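**Q** The following block contains the structure, expressed as C-alpha cells.
The values are calculated or read from the model by the stated rules, or taken from the named source; none is laboratory data. Just so it is clear, the model here is predicted, and its values are computed rather than measured. When we count neighbours, we look across all protein chains shown, and the Cβ atoms used for this are built from the backbone with ideal geometry, even at glycine. Note: areas computed on protein heavy atoms with side chains; ligands, DNA, RNA excluded. Shrake-Rupley method; radii C 1.70, N 1.55, O 1.52, S 1.80 Å.
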Amino acid sequence: MRATTDDGVELHWESHGRGEPLLLIHEFGGDHRSWRPQVAHFSRRYRCLVYDARGYPPSDVPAEPGAYSQDRAVADALCVLDAAGEASAHVVGNSMGGFATLHLGLRHPGRARSLVVAGCGYGAHPDADAAFRAESRDLARRYADEGAAAVAADYGAGPGRVFLRDKDPAGYAEHMAVLAEHDPTGAGLTMAGVQASRPSLYDLRDELGRMDVPTLVVAGDGDDGILDVDVMLRRTLPRAGLAVLPRTGHLTNLEEPALFNALVEQFHAQVAAGRWA
C-alpha cells in the first residue's frame, strides 16, 4: 500500500493482523523487513503497521536534501497512521526509528498510546556530538562516492552489529543484504538530513521532562554509544523505564527477539492496567 505525504512523497507501508495498532519504525541500517520477528509475533493480537522511510525503496527517494529531516521523519510516521485510519498507536522504533518514536511522543503525544524507544542515543551525548555529526556527513559522502554495497561492508561490521553476526549468522547475512540494497541517494541524504542534523536530546531535556507518554527505553549492554544517553532518558522522562539486555548490541529486536517481544508485551500490559505510573 502507498501513503502520500504532504510534500508529495509516497511511502510503502503494510498492515498485518488485527487488534490495537502497533507502528514499527525501522533503523537506518534496515527497512520494514527488519521487524519480521515482531510482525510474526505481534500480528496475532495487534494490527502491525510497518513502512519504509522516505529514501528507502519501494518508498520514494526524493533527490532534494531539504526533503530529509527529523521533523519530516515524524510527519511521515503520522502519515502512515493516517493512511491506516488510526488516530493513535503503540509506537516501537529502533535507532533512527527510536529517535523518530521519541520525537513523535514529544511533538504529538495524543497519537502515541505508548513508546518503545530502542537503540536510541548515538551521537546525542555532548562529548560525542561533534564527532558523530562529522562521521555522519562523511558517511553521506561515501554513499555518493562509493555506493551502498561498499559502505555496508564497513557499517555492518560496526561493534554494535557484530553481536548479531555471532548469535545468528543467517540473520546477520539477511541484515547485511538489506543494508547493501540501500539506495545510495536516499541513504546519503538520510544520513545528512536526519542523522547528522537532528537536535541534541540533551538540549531537549526540559521538554522531555514534561512528556507524559508511557515509554520503555531498550538498550543492549554492548551498545556502548547509547548507554549513558539512555540512563539520562530514564532519569528525565516522567514515565520511562529502562531495560538493558545482557550481551547484546545495537539490534536488540533481531538479536534477542523473544526477550524483546516479552518486554514489549509486559510493558503494554502494565500500560493497559494503569500500572506504568
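**Q** How large is the helix-only mean residue ellipticity at 222 nm for the chain, computed as the sum of -39500 (n - 2.57) over DSSP H runs with n ≥ 4, divided by its residue count, in deg cm²/dmol to the nearest 500? Can you show the working numbers first?
**A** Numbers: 12 runs with 118 residues, N = 277.
-12500 deg cm²/dmol, from helical runs alone.
**Q** Could you tell me what % of all Cα pairs in the range 1-131 have separations over 21 Å?
**A** Considering the range 1-131, 36 percent of its Cα-Cα pairs are separated by more than 21 Å.
**Q** If you place +1 on the Cβ of every Lys and Arg, -1 on the Cβ of every Asp and Glu, and leave all else neutral, what size is the dipole of the chain about its Cα centre, to the nearest 20 Debye?
**A** Charge dipole, the chain, about its Cα centre: 920 debye, nearest 20.
**Q** Rounded if a/c is under 1.5, else prolate if a/b is larger than b/c, else oblate: which is the range 195-277, with a ≥ b ≥ c the root eigenvalues of its Cα gyration tensor?
**A** It is oblate, given that a/c is not under 1.5 and a/b is not larger than b/c.
**Q** Shifting gears a bit: Considering only protein heavy atoms and a 1.4 Å probe, what is the carbon-and-sulfur percentage of the accessible area of the chain?
**A** Taking all protein chains in place, the chain shows 51 percent carbon and sulfur surface.
**Q** Just how far, in whole angstrom, is the range 198-233 from the range 251-268 if you go by their alpha carbon centroids?
**A** 18
**Q** Could you bin all the Cα-Cα distances of the chain into 5 Å bins starting at 0 and give me the percent of pairs in each, rounded to whole numbers?
**A** For the chain, the binned pair fractions read 1, 6, 13, 19, 21, 19, 14, 6, 1, 0, 0 percent.
**Q** Ignoring ligands, DNA and RNA, what accessible area per residue does the chain give at 1.4 Å, in Å²?
**A** Working: 11140 Å² over 277 residues.
For the chain, the per-residue accessible area is 40 Å².
**Q** Can you list the HN-Hα couplings for the range 230-238, worked out from phi with the Karplus curve (6.51, -1.76, 1.60; θ = phi - 60°), rounded to whole Hz and with x for Gly and Pro?
**A** With coefficients 6.51, -1.76 and 1.60, one gets 5, 5, 4, 4, 4, 7, 9, 6, x Hz.
**Q** Another one. Net charge near Pro37, counting Lys/Arg +1 and Asp/Glu -1 over other residues with Cβ under 12 Å of its Cβ?
**A** Numbers: positive: Arg33, Arg36; negative: Asp168, Glu174, Glu255, Glu256.
With Lys, Arg at +1 and Asp, Glu at -1, the neighbours total -2.
**Q** Based on a Kirkwood Rh over C-alpha pairs, give the Stokes-Einstein translational diffusion coefficient of the range 132-225 at 37 °C and viscosity 0.692 mPa s in µm²/s.
**A** 215
**Q** What net charge is computed for the residues neighbouring Glu135, neighbours being all others with C-beta under 13 Å from the C-beta of Glu135, Lys and Arg scored +1, Asp and Glu -1? Mind dumping the intermediate values first?
**A** Values: positive: Arg133, Arg137, Arg141, Arg142; negative: Asp129, Asp138, Asp154.
Around Glu135, the charge tally is +1.
**Q** Across the range 1-63, what fraction of all alpha-carbon pairs, as a whole percent, falls in each successive 5 Å bin from zero upward?
**A** Bins of 5 Å from zero give 4, 20, 27, 22, 16, 8, 3, 0 percent of pairs.
**Q** Sticking with this structure for a sec: Of all beta bridges DSSP finds with both residues in the chain, what is the antiparallel percent, to the nearest 5?
**A** Working: 7 of 32 bridges.
Roughly 20 percent of the beta bridges in the chain run antiparallel, per DSSP.
**Q** Show the residues, 5+ positions off or on another chain, whose built amide H is closer than 5 Å to the amide H of Leu23.
**A** Leu49, His90, Val91, Val92
**Q** What list of ³J(HN,Hα) values in whole Hz, one per residue of the range 205-211 in order, does the Karplus curve 6.51 cos²θ - 1.76 cosθ + 1.60 (θ = phi - 60°) give from phi, with Gly and Pro shown as x?
**A** 4, 4, 5, 4, x, 9, 7
**Q** Leu245's amide H: which non-local residues (gap 5+, or another chain) put their own amide H closer than 5 Å, with H modeled 1.01 Å from N in plane and none for Pro or chain starts?
**A** Hits under the 5 Å cutoff: Ala219, Gly220, Asp221.
**Q** What length, rounded to one decimal in nm, is gained on full extension from Asp203 through to Ala40, with 0.36 nm per residue of separation minus their alpha-carbon distance? Write out the running numbers ahead of the final one.
**A** On the way: separation 163, 0.36 × 163 = 58.68 nm, distance 3.75 nm.
Net length gain for the segment: 54.9 nm.
**Q** What does the charge dipole of the range 14-86 about its Cα centre add up to, to the nearest 20 debye, if the Cβ of each Lys and Arg holds +1 and the Cβ of each Asp and Glu holds -1?
**A** In total the dipole reaches around 460 debye.
**Q** What does the convex hull of the alpha-carbon atoms of the range 40-108 project to on average, in nm²? Write out the running numbers ahead of the final one.
**A** Numbers: hull surface 21.1 nm².
Averaged projected area of the range 40-108's Cα convex hull equals 5.3 nm².
**Q** While we're here: What ³J(HN,Hα) values, in whole Hz, does the Karplus curve 6.51 cos²θ - 1.76 cosθ + 1.60 give for the range 120-135 when θ = phi - 60°, with x put for Gly and Pro?
**A** 9, x, 4, x, 7, 5, x, 5, 10, 4, 5, 5, 4, 5, 5, 5
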